[in-house]
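Notes to accompany the following structure.
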2 protein chains.
Amino acid sequence: MTRPTEIPAYSLPTRNRRVILTRRPQGVPMPEDFAIDEVAMPEIADGEFLVRNIYLSVDPAQRGWASAEINYSQPVPIGGPMRALAVGVVTQSRSADVALGEFLYGWFGWQDYAVVKPAAIIQRATEAVPLSAYVGLLGINGLTAYFALTELGRPVPGNTVLVSTAAGSVGSFVGQIARNLGATAIGLTGDDEKVAACCSRYGYASAHNYKTSDWGAAVAAEAPKGIDVYFDNVGGVILDKALRQMAIGGRVVQCGTASVPTWIPVPTGPRNEREILTRRLVWSGFIVFDYAQRFGVANKALVGWYRDGKLTYDEDVAQGIEHAPGALKAIYAGENRGKKLIYIG
Amino acid sequence: MTRPTEIPAYSLPTRNRRVILTRRPQGVPMPEDFAIDEVAMPEIADGEFLVRNIYLSVDPAQRGWASAEINYSQPVPIGGPMRALAVGVVTQSRSADVALGEFLYGWFGWQDYAVVKPAAIIQRATEAVPLSAYVGLLGINGLTAYFALTELGRPVPGNTVLVSTAAGSVGSFVGQIARNLGATAIGLTGDDEKVAACCSRYGYASAHNYKTSDWGAAVAAEAPKGIDVYFDNVGGVILDKALRQMAIGGRVVQCGTASVPTWIPVPTGPRNEREILTRRLVWSGFIVFDYAQRFGVANKALVGWYRDGKLTYDEDVAQGIEHAPGALKAIYAGENRGKKLIYIG
């Protein structure tokens, strides 16, 4: 496919504002770990294109990307722009695969403009959904919920699905997808307002505040035969307790470890191998990018449910790039209400 | 199918010797946890039959069966005969499903005679293999190796399969089956004689004494891309180290936890959930009886390899029921050379 590559008619600034990682964070990235700088706009080379970011995404996974700890990607370099997902529009292109004016979701970083190659694209925004849905519903949050639940959790009608960070950017989709598949979703979350949102908006049959309730006893009463699927975003003591309430043959999806403050040194916990054996669990790790070749399958399902009113989401939108440095601290403190994103369009 | 149910011509004794569990073992059952008694032979009722045991099986899983700790079956009652697998011959039958003279493998206990129903049968000994093979090759050891490796480990040609207790009653089959499937098997075992047996007899490309060698470094050198399948019979620190050497997408089969002395209280270890996530592991628990409907499939494969000279085994046979009380202590100390069984025919 050949696309025009001439210099566009957009009026381009000559400077680019960027949110720079200034030091290696200890655990959750704090505002002090970042600075906002302004640099000259680089020229695009053959094969590259320029994106004007519109929505910057704030994702819990950024903690891992900024960390030097064990992970699935190289740490963000100190002094470089913070690795981030974003939705933007192509304002200049020297790539035959990318057209001017295309709206894209990809690895564009916390900055006004990104000079990137087509490999940075995760999705092209072509579905009839709001543009911001590409950082949530059709972004890694919705894609994660869809693939992790359907491929690893594999609930069947009548199953009980327990979800941690149930009102979060992933969990809020998991509850609804589980319900749409005929399963009964039970949510765990950290405040009563989110407990209410789980039940009123996110598809959960029930939800519990893990800080204030005996959720283990409540789940035992609600699922007397045990938990069929535990969708875990937190790890730690909540995981340990959930493992001991799993049904025979239950599936545990390890999607995040948000409750564990640091992995250096590796923290200790109760040994879980005998639970895995005696309950015949299947405990699987999930990273959404392993499913990149099949994002189109998820789009179709997610957009279908969205159009049918069976999949909703909430957004917590800040205005202006100056909100980025404090955004991860805020979401790890549970302050956001819905998917956190930053509008800089 | 109707079979004769008349009283047979066998000369039956009137007393039955039994190995009784006299107290709840602390960890591995010791000789002092058992006594041998002699009781009157019970009459068989309608639907029951009488088995004269020939080979008593000694299995690591008996530790769990005798324990009050979390498990997949009810604890062996104190004062009752020790739960055990055995091969025997039917000497009396009032079951239409069981014929006199049939050789059976099943839940016949550590005793001379067992009065049981057909549900106690695991396999009928009809294949052209030595009778004792039904407590090993075609018993839970061979069946476990076959199903746990092929269904949960799923090695493909070229994969690296690491196995703990590699020269044991299960591990000795796992190494050979892995090799037969085109994978490279690496064994871990506790003495140098067994290391040699792994390589000379049990299909392993290499083996390491985990007590005396830096096996982690050796495995890293032998499998620079990581371990594709870890077949774990031991749990504990060996498991922890193996998890940290898994390849992306690796499978961990939890088949036993022999290295953990007790689960009351639950011991602690390093948290493993981030390893599962970042390496996208699939960690599954295995209990052979979940596959009971498909034992015939395994028999066919196992007997085929055996006849072709691609699957061998060793037996460590004691003579006389008086050897049963000390047998579990001996196998947990690694004293056996091959499958431990007791001939009382």
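The values are calculated or read from the model by the stated rules, or taken from the named source; none is laboratory data. Fair warning: this is a prediction, and the values are worked out from it, not measured in the lab. Methodologically, a virtual Cβ is constructed for each residue, glycine included, from the backbone with ideal geometry; neighbour enumeration extends over all protein chains shown.
Scanning segment A:124-177 for residues that are assigned to a loop (DSSP other than H, G, I, E, B), over 17 Å from the mean Cα position of the chain (by Cα) and not aliphatic (A, V, I, L, M) yields A:Thr126, A:Glu127, A:Pro130, A:Arg154, A:Pro155, A:Pro157, A:Gly158, A:Asn159.
If the requirement is being of a type in the set (Gly, Ala, Ser), more than 7 Å from chain B (Cβ to nearest Cβ) and in contact with a strand residue (DSSP E or B) (Cβ under 8 Å, 6 or more places away or on another chain), which of these qualifies: A:Gly320, A:Gly269?
Working: A:Gly269 fails: more than 7 Å from chain B (Cβ to nearest Cβ).
So the residue among A:Gly320, A:Gly269 that is of a type in the set (Gly, Ala, Ser), more than 7 Å from chain B (Cβ to nearest Cβ) and in contact with a strand residue (DSSP E or B) (Cβ under 8 Å, 6 or more places away or on another chain) is A:Gly320.
Residues considered: A:Ala68, A:Ala61, A:Ala35, A:Ala99. Of these, the only one that is surrounded by 14 or more Cβ atoms within 10 Å (Cβ to Cβ), in the same structural domain as A:Glu127 (by TED's automatic domain parsing), out of contact with any strand residue (DSSP E or B) (no Cβ under 9 Å at 6 or more places or on another chain) and not aromatic (Phe, Trp, Tyr) is A:Ala61. Inspection of segment A:264-285 finds a residue satisfying the criterion of being touching a Lys or Arg at 6+ places or on another chain (Cβ under 9 Å) and of a type in the set (Ser, Thr, Tyr). With respect to B:Ile344, is the statement that it is at pLDDT below 95 and either outside the structural domain of B:Leu104 (by TED's automatic domain parsing) or β-branched (Val, Ile, Thr) (or both) true? Answer is no for this residue. When B:Ala220 is tested against the conditions (1) assigned to a helix (DSSP H, G or I); (2) buried (at least 16 other Cβ atoms within 10 Å of the Cβ); (3) in contact (Cβ under 8 Å) with a residue 24 or more places away in the chain, the lone failure is (2).
For segment B:235-248, which positions are under 24 Å from A:Tyr72 (Cα atoms) and either within 17 Å of the chain's Cα centre (by Cα) or more than 7 Å from chain A (Cβ to nearest Cβ) (or both)?
Of segment B:235-248, the ones under 24 Å from A:Tyr72 (Cα atoms) are B:237-248.
Residues satisfying the conditions are B:Val237, B:Ile238, B:Asp240, B:Lys241, B:Ala242, B:Leu243, B:Arg244, B:Gln245, B:Met246, B:Ala247, B:Ile248.
Checking each residue in segment A:279-290 for being more than 7 Å from every other protein chain (Cβ to nearest Cβ) and out of contact with any helix residue (DSSP H, G or I) (no Cβ under 6 Å at 6 or more places or on another chain) picks out only A:Phe289.
Anything in segment B:177-196 that is surrounded by fewer than 22 Cβ atoms within 10 Å (Cβ to Cβ) and not basic (Lys, Arg)? List them, or say none. Let's see the steps before the verdict.
Here is the first cut: in segment B:177-196, the ones surrounded by fewer than 22 Cβ atoms within 10 Å (Cβ to Cβ) are B:179-182, B:184, B:190-193, B:196.
Residues satisfying the conditions are B:Asn180, B:Leu181, B:Gly182, B:Thr184, B:Gly190, B:Asp191, B:Asp192, B:Glu193, B:Ala196.
Restricting attention to segment A:18-77, the residues being within 14 Å of another protein chain (Cβ to nearest Cβ) and assigned to a loop (DSSP other than H, G, I, E, B) number 11. Condition test on A:Arg294, is it in the same structural domain as A:Gly153 (by TED's automatic domain parsing) and among the basic types (Lys, Arg)? When the stated conditions are applied, A:Arg294 does not pass them. For segment B:285-297, state whether one or more residues are touching a Phe, Trp or Tyr at 6+ places or on another chain (Cβ under 6 Å), modelled with pLDDT of 95 or more and not basic (Lys, Arg). Within segment B:285-297, one or more residues are touching a Phe, Trp or Tyr at 6+ places or on another chain (Cβ under 6 Å), modelled with pLDDT of 95 or more and not basic (Lys, Arg).
A:Ile276 fulfils the conditions (1) of a type in the set (Val, Ile, Thr); (2) within 21 Å of the chain's Cα centre (by Cα); (3) within 11 Å of chain B (Cβ to nearest Cβ) except for a single criterion, (2).
Consider B:Ala318 carefully, then state whether it is in the same structural domain as B:Ser73 (by TED's automatic domain parsing), modelled with pLDDT of 95 or more and under 21 Å from the mean Cα position of the chain (by Cα). Taking the combined requirement at face value, the residue satisfies it.
Matching residues to (1) out of contact with any Gly (no Cβ under 6 Å at 6 or more places or on another chain); (2) modelled with pLDDT under 95:
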{"residue": "A:Ser169", "(1), (2)": "yes, yes"}
{"residue": "A:Cys198", "(1), (2)": "no, no"}
{"residue": "A:Arg201", "(1), (2)": "yes, no"}
{"residue": "A:Tyr204", "(1), (2)": "no, no"}
{"residue": "A:Ala207", "(1), (2)": "no, no"}
{"residue": "A:Thr212", "(1), (2)": "yes, no"}
{"residue": "A:Ala218", "(1), (2)": "yes, no"}
{"residue": "A:Asp228", "(1), (2)": "no, no"}
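Which numbered condition in (1) more than 7 Å from chain A (Cβ to nearest Cβ); (2) under 19 Å from B:Pro60 (Cβ atoms); (3) modelled with pLDDT of 95 or more is the only one that B:Pro261 fails? With respect to (1) more than 7 Å from chain A (Cβ to nearest Cβ); (2) under 19 Å from B:Pro60 (Cβ atoms); (3) modelled with pLDDT of 95 or more, B:Pro261 is out only on (3). Of the set (1) more than 10 Å from chain A (Cβ to nearest Cβ); (2) touching a residue at least 12 places away in the same chain (Cβ under 8 Å), all apply to B:Gln293 but (2).
Taking the numbered list (1) within 30 Å of B:Val28 (Cα to Cα); (2) facing chain A (nearest Cβ under 7 Å); (3) buried (at least 19 other Cβ atoms within 10 Å of the Cβ); (4) touching a Gly at 6+ places or on another chain (Cβ under 7 Å) in turn, B:Arg251 passes all entries but (2).
Out of the residues in segment B:296-335 meeting the condition of being without any contact (Cβ under 8 Å) to a residue 60 or more places away in the chain and buried (at least 19 other Cβ atoms within 10 Å of the Cβ), tell me which one is nearest to B:Ala178 (Cα to Cα). For segment B:296-335, the residue satisfying everything is B:Ala318.
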